[in-house]
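Written below as C-alpha cells is the structure these notes are about.
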Amino acid sequence: MISTAPSERGAALLSVLLMVAILTVIAATTLDRLAIATKLSGNGNSLTQARMFSYAVENLASTRIEDLLARDAAQTTLEGNWLGKEQVLPVPVGAASATVRDGANCFNLNSLVSETEGRYSPNSIGQEQMVSLMVVLGINESTARPVAAAATDWVDSDSIPSTNGAEDDSYRSAVTPYRTANRLFAHPSELRAVKGVTPALYAKLRGWICALPEARLSPLNVNTLLPEQAPLLAMLFPPGQFSPVTARSYLAKRPASGYGSLIRFWGAPEMASIEASSPVQGQVKLTSTYFLLRTKVSLGELILEGESMLAATSGQVRLIWRSWGEQA
C-alpha cells in the first residue's frame, strides 16, 4: 500500500477545487451569454414583427387617404375629423396607432430654389417667405436673412455664395470640414448643417418646416390649415404686411365645409386688402397632395415609432420616405 503525504493530498484537493471554480465560471458565463443571445433574438423578432405591423398600418392609412380624396376631388377639408386624430388600429398582439397630418402645410425648404433642366437656382420668393416665417416666429430679421441666404446656397447648384450666403468655403473651416449639398433637402433636419442655424433657432423652426421632394413654393391647403398654423399664412407676404393675429382669426371662422373656391378665399375682407402676387396666389390650394403619417406600434417592452411621407397623385397614394425610431 502506497501512502500519500498530507501535503500531496492538500495539493490534489486544491487542484480539484480550482477546476470546479473554473468550470463554474465557464458555466455561468455560457449561461449569461445564452441569456443575452436569447434576449437579442427575441428583440430582433419583436422588432421585425413591429415593422411588419407598421407596414400594415401604412397600407391601411394609404387606403383611407385614397377614400378621403375620392369623396371630393375639388377640395380636401377637415370633414371626417381625420387631421391629427390618433386612430387605434387592430393588431393580433400588442397595440398600434396612426396619426395623419397634412404634409404640405409647412414651409418647404426646397422652395428656396427653382429647377430648370436639372439645375437649381435661387428663388427669391421662397427665400423671402422663409425670412417672413422666421420673423413671425420671433427671430430677428437680421438673423433670418443670412440663414435664408445660406440655406438657399446649400441647395442651389452653383458654388458662388449669394449676398449674406455661404458656400463650401464657409464650411471647410469647421472642426469637421464638410461641403454644401447642392441638391434638394431630403429631410428638414438637414437644415441644422446650414451656417447660422443654431440649436435654438432650429428648435423654433422644426415644427414649421418640411422638405417636399420638389422645388416649388409651399402648396398650402387653406381648407386644412389650422388657426394655430396662422404663421404659415402670414409668411406668404413680406414681414409685417399680414398680421398672424388676423390670419388666425380668418382661419378660425372658415366654413366647416371649406372655402369651396379660391375666389371666396381671396375675396374675404381680410385678404382683399392685401395684394398677393400671381406665384403666391398659385401656391394656395384647396386640395392636399402630401400627407405625414406617424405610427406607433407596441409589442411588450418594445415601442416602435415611425414617420412616413405619402403623396397622393391621380387618386393613388405612394410612399416618398419613411423613418423609424425605437424606444426602450
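The values are calculated or read from the model by the stated rules, or taken from the named source; none is laboratory data. No experiment lies behind these values; they were computed from the predicted model shown. Neighbour counts are summed over all protein chains in view; Cβ atoms, including those assigned to glycine, are modelled from backbone coordinates with ideal geometry.
Summary of values
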{"item": "E270 surrounded by 12 or more Cβ atoms within 10 Å (Cβ to Cβ) and either at pLDDT below 95 or not β-branched (V, I, T) (or both)", "result": "yes"}
{"item": "Of all residues making up the stretch 165-188, the number that are outside any helix (DSSP H, G or I) and surrounded by fewer than 16 Cβ atoms within 10 Å (Cβ to Cβ)", "result": "12"}
{"item": "Odd one out for V197, checked against (1) outside any loop (DSSP other than H, G, I, E, B); (2) more than 26 Å from T77 (Cα to Cα)", "result": "(1)"}
{"item": "Hey, S124 of a type in the set (S, T, N, Q) and under 18 Å from N108 (Cα atoms) or not", "result": "yes"}
{"item": "Qualifying residue in the stretch 189-200 (condition: under 15 Å from M130 (Cα atoms), modelled with pLDDT of 95 or more and either small (G, A, S) or in contact with an Asp or Glu (Cβ under 6 Å, 6 or more places away or on another chain) (or both))", "result": "yes"}
{"item": "Failed condition for N105, given (1) assigned to a helix (DSSP H, G or I); (2) under 13 Å from I209 (Cβ atoms)", "result": "(1)"}
{"item": "Residue selected from the stretch 237-267 under the condition under 20 Å from A144 (Cα atoms) and either touching a Leu at 6+ places or on another chain (Cβ under 8 Å) or not assigned by the TED database to the domain that holds A215 (or both), by the criterion surrounded by the most Cβ atoms within 10 Å (Cβ to Cβ)", "result": "F242"}
{"item": "Residue in the stretch 88-105 that is without any contact (Cβ under 8 Å) to a residue 60 or more places away in the chain and either out of contact with any helix residue (DSSP H, G or I) (no Cβ under 9 Å at 6 or more places or on another chain) or β-branched (V, I, T) (or both) present", "result": "yes"}
{"item": "Failed condition for L109, given (1) within 22 Å of A200 (Cα to Cα); (2) at pLDDT below 90", "result": "(2)"}
{"item": "Subset of the stretch 141-159 that is of a type outside the set (G, A, S) and without any contact (Cβ under 8 Å) to a residue 40 or more places away in the chain - its residue that is surrounded by the fewest Cβ atoms within 10 Å (Cβ to Cβ)", "result": "D158"}
{"item": "Scope the stretch 126-147; condition of a type outside the set (D, E, K, R), closer than 17 Å to Q241 by Cβ and in a helix (DSSP H, G or I); matching residues", "result": "G126, Q127, Q129, M130, V131, S132, L133, M134, V135, V136, A144"}
{"item": "Residue in the stretch 278-293 that is touching a helix residue (DSSP H, G or I) at 6+ places or on another chain (Cβ under 6 Å) and surrounded by 17 or more Cβ atoms within 10 Å (Cβ to Cβ) present", "result": "yes"}
